[in-house]
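This report refers to the structure that appears directly beneath it.
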Amino acid sequence: MNENILSEIQNVIDSRKGQNPDTSYVAQLLHKGGDKILKKVIEEAGEVLMASKDNDPAHLIYETADLWFHSMVLLAHHGLRVEDVVSELARRQGLSGLAEKAARTER
């Protein structure tokens, strides 16, 4: 298993910024802006939910991969990277979920 795959995909996404939207799907999304990217994330999230309801593990994995990918495009749109999310997950590791949630409501 390639442990750096998310970083590698993020590098490809970042490399598509400013490229010709006619030759790259990611460049198309980034060119169209936040609203288009958000619509794709929402669409993919819905497909994850439907795959879960269908109780089809292979389809759920496929749709989750699409959701993660489009979420990474959204991160790139905001100048962020997948490593930022991984760092946040690492920060939360070992914290009680209830304590972490309570800390969020205090912000």
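No value in this document is a laboratory result; all are computed from the given coordinates. Fair warning: this is a prediction, and the values are worked out from it, not measured in the lab. Virtual Cβ from ideal backbone geometry, glycine too; neighbours counted across all protein chains shown.
General observations
- The charge dipole of the chain, taken about its Cα centre with unit charges on the Cβ atoms of Lys, Arg (+1), Asp and Glu (-1) only, comes to about 420 debye.
- The aspartates and glutamates whose alpha-carbon is closer than 16 Å to the alpha-carbon of Lys40, local same-chain residues fewer than 8 away aside, are Glu63, Asp66.
- Around Leu80: net Lys/Arg minus Asp/Glu count, Cβ-Cβ under 14 Å: -2
- Candidate lysines for bridging to Lys101, where Cα separation is under 22 Å - those fewer than 8 sequence places away on the same chain excluded: none
- Per residue, the chain reaches -24000 deg cm²/dmol at 222 nm when only DSSP H runs of four or more residues are counted, each adding -39500 (n - 2.57).
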